[in-house]
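Below you'll find the structure, written out as structure tokens, and then a few comments.
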Amino acid sequence: MTRTRDLLFYRTFVTAVIVYAIVSCSRGTPVVESYPESMAHRINIDGTIIHYFDFHPEASGLPVIYVHGYSGVGFEAFYWYEALGEQHRLIAPDLPGSGYSDKPDVEYTADFYADFLLRFVDGLGIDRFHLVAHSVGGQVAIKFATSEHTGTRVDRLVLLAPYALDRQASPLLELLADV
């Protein structure tokens with residue numbers, strides 16, 4: 001039964017990603033003003049105001065945390081939250097330095113963002129969740145999910161076009177990743 005439910009979750013999520021890709025290419029640039037205002041929130045994380053979207057907060061399944069990539073914002077999740085369904089809460093922050101979140105004077109590294117992610121989910125009172133990341137957000141998600149201190153909190157890790165090589169692969173793969 002659990003395996004069937006897991007397969008259903010994966011199929012639903014993959015379908016959502018495909019729908020996101022098709023819709024984002026056909027509708028053009030998203031308009032932030034088009035989302036319901038009740039989905040946008042702010043939270044203070046150690047003196048930094050973080051803007052985030054919270055879709056289906058009443059959902060009973062494990063929440064899905066979305067980590068955007070370089071120059072991205074949490075609004076990216078707006079295109080596929082409906083396809084994900086009302087079974088899972090979807091939380092998508094504007095990472096510090098991005099979107100409507102504060103821009104503290106710090107070095108923005110994958111380690112900084114992984115530490116931020118821990119403080120963010122703790123601030124929301126979330127113990128266990130699915131972690132979805134796009135592009136450079138993949139580095140953050142991998143650091144978070146593979147840490148002995150935080151990795152047990154991640155139920156599923158989904159990477160969307162991750163830029164996570166970080167000079168660990170062959171020169172050919174690095175060149176392909178840069179392209």
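The values are calculated or read from the model by the stated rules, or taken from the named source; none is laboratory data. As the structure is a computational prediction, the values presented were derived from the model and not from experiment. Cβ placement follows ideal geometry from the backbone for every residue including glycine, while neighbour counts extend to all protein chains displayed. These accessible areas exclude ligands, DNA and RNA; they are computed on the full protein's heavy atoms, side chains included. Shrake-Rupley method; radii C 1.70, N 1.55, O 1.52, S 1.80 Å.
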Practice task
Among residues belonging to the stretch 99-112 that are modelled with pLDDT of 95 or more and open to solvent by less than 40 Å² (accessible area, probe 1.4 Å), point out the one that is farthest from V154 (Cα to Cα).
Solution key: P104
Exercise for the section: Output yes when any residue across the stretch 52-74 is open to solvent by 30 Å² or more (accessible area, probe 1.4 Å), within 26 Å of Y108 (Cα to Cα), assigned to a strand (DSSP E or B) and modelled with pLDDT of 90 or more, and no when none is. Expected result: no
Completion exercise
The one condition W80 fails out of (1) more than 16 Å from D122 (Cα to Cα); (2) surrounded by fewer than 21 Cβ atoms within 10 Å (Cβ to Cβ); (3) modelled with pLDDT under 95; (4) not β-branched (V, I, T) is (2)
Exercise for the section: Kindly indicate whether I91 is modelled with pLDDT of 90 or more and either closer than 14 Å to A133 by Cα or assigned to a helix (DSSP H, G or I) (or both). Expected result: yes
Problem - Lone unmet requirement of (1) open to solvent by 10 Å² or more (accessible area, probe 1.4 Å); (2) in contact with a helix residue (DSSP H, G or I) (Cβ under 9 Å, 6 or more places away or on another chain); (3) not in a loop (DSSP other than H, G, I, E, B) for L131 - result: (1)
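Taking the stretch 113-123 only, how many residues are within 16 Å of P57 (Cβ to Cβ) and open to solvent by 40 Å² or more (accessible area, probe 1.4 Å)? Spell out the reasoning first.
Quick first cut of the stretch 113-123, residues within 16 Å of P57 (Cβ to Cβ) only: 120-121, 123.
Imposing the further condition that a residue be open to solvent by 40 Å² or more (accessible area, probe 1.4 Å) reduces the set to 123.
Residues flagged as within 16 Å of P57 (Cβ to Cβ) and open to solvent by 40 Å² or more (accessible area, probe 1.4 Å) within the stretch 113-123 amount to 1.
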